[in-house]
1. So which residues in segment 46-91 are among the charged types (D, E, K, R) and either touching a His at 6+ places or on another chain (Cβ under 9 Å) or assigned to a loop (DSSP other than H, G, I, E, B) (or both)?
2. Which one is surrounded by the fewest Cβ atoms within 10 Å (Cβ to Cβ), of the residues in segment 66-112 that are farther than 18 Å from Gln149 by Cβ and among the acidic types (Asp, Glu)?
3. From the list Gly119, Gly131, which one is surrounded by fewer than 14 Cβ atoms within 10 Å (Cβ to Cβ) and farther than 30 Å from Met42 by Cα?
4. Answer with yes or no whether Ala161 is aliphatic (A, V, I, L, M), assigned to a loop (DSSP other than H, G, I, E, B) and surrounded by 14 or more Cβ atoms within 10 Å (Cβ to Cβ).
5. What's the number of the only condition in (1) surrounded by 20 or more Cβ atoms within 10 Å (Cβ to Cβ); (2) assigned to a strand (DSSP E or B) that Arg152 fails to meet?
Amino acid sequence: MRTDLLLGAVIIIGFSSCLKEELPVPTSVSARGDAMTLQTCMGPGYQDQLWLDLRTGDVVSTNVKTAWDLAFESTTDGWRIFLNGSKMMTAWNIGPVDITASHDTIGMAAGRRIDAPSGHRDSTAIGDWRGHDDVYIIDLGFDAIGVPQGLRKFRFHMVSATAFTFEVARLNGSQLVSVTVPKDPSRSFTSYRTGTGVVPIEPERGDWTWWSLSIRISSTNPSSPTSFPVCFLLQVFVWPK
């Protein structure tokens, strides 16, 4: 009996001596600095988008959410195109078809896409359009009271260090126009409104750090998005360096 106990003790000691020593977990935590609470109102119908400077707490710019449809990357190597998700816009790639022909929306419910709610630049509804002549039927979404803003067909042709070029037509192929959107180097994105052209929406770089908008929640099926507006209550904590 004593022999068995002694052997068991030796085995336990042997195994425990092989364990690596655990590293201590640091217990010191930097103290929080001053907190700043910002409350912003997006209008009685949540129709406004606000651009904030969190350094000062100021609203540096305001625009109604229907003021723009597409946002184009303004960097010299930028090529991505984003939808105005606050309007519940969607895009449907119908392939390399004749943009001047008449098309319908049969199949659009299953084929439409939204920009990923995560904001990832590689998960946009339009995607990488370069190198092909595909036509997109873009639903321009709704205004603040739920009125549909219509459908348009887009075909994106070219992007350079200074501009985007594309075509726009109605669903029946009429009113085809060619559009050039010059990149605005003072802004991260250059905004475009259908029928109007380039619109100055985003403030210049360095003037803002946050913007409030209608949040879009996506279901597991990206072609069946749901959306709701929200008024932000921001609480910003600043830690000392």
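The values are calculated or read from the model by the stated rules, or taken from the named source; none is laboratory data. Owing to the predicted nature of the structure, the values given are computational and were not obtained by experimental measurement. A quick note on method: Cβ atoms are made from the backbone with ideal geometry, for glycine too, and the neighbour counts reach across all protein chains shown.
1. Narrowing segment 46-91 to residues among the charged types (D, E, K, R): 48, 53, 55, 58, 65, 69, 73, 77, 80, 87.
Of everything in segment 46-91, those that are among the charged types (D, E, K, R) and either touching a His at 6+ places or on another chain (Cβ under 9 Å) or assigned to a loop (DSSP other than H, G, I, E, B) (or both) turn out to be Arg55, Asp69, Asp77, Arg80.
2. Among them, the one singled out is Asp77.
3. Values: Gly119 fails: farther than 30 Å from Met42 by Cα.
After ruling out the rest, the residue left standing is Gly131.
4. On the way: aliphatic (A, V, I, L, M): yes; assigned to a loop (DSSP other than H, G, I, E, B): yes; surrounded by 14 or more Cβ atoms within 10 Å (Cβ to Cβ): no.
When the stated conditions are applied, Ala161 does not pass them.
5. Of everything listed in (1) surrounded by 20 or more Cβ atoms within 10 Å (Cβ to Cβ); (2) assigned to a strand (DSSP E or B), Arg152 misses just condition (1).
Table: residues versus (1) modelled with pLDDT under 90; (2) buried (at least 17 other Cβ atoms within 10 Å of the Cβ); (3) within 17 Å of Leu70 (Cα to Cα).
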{"site": "His157", "(1), (2), (3)": "no, no, yes"}
{"site": "Gly173", "(1), (2), (3)": "no, no, no"}
{"site": "Lys183", "(1), (2), (3)": "no, yes, yes"}
{"site": "Gly195", "(1), (2), (3)": "no, no, yes"}
{"site": "Cys231", "(1), (2), (3)": "yes, no, no"}
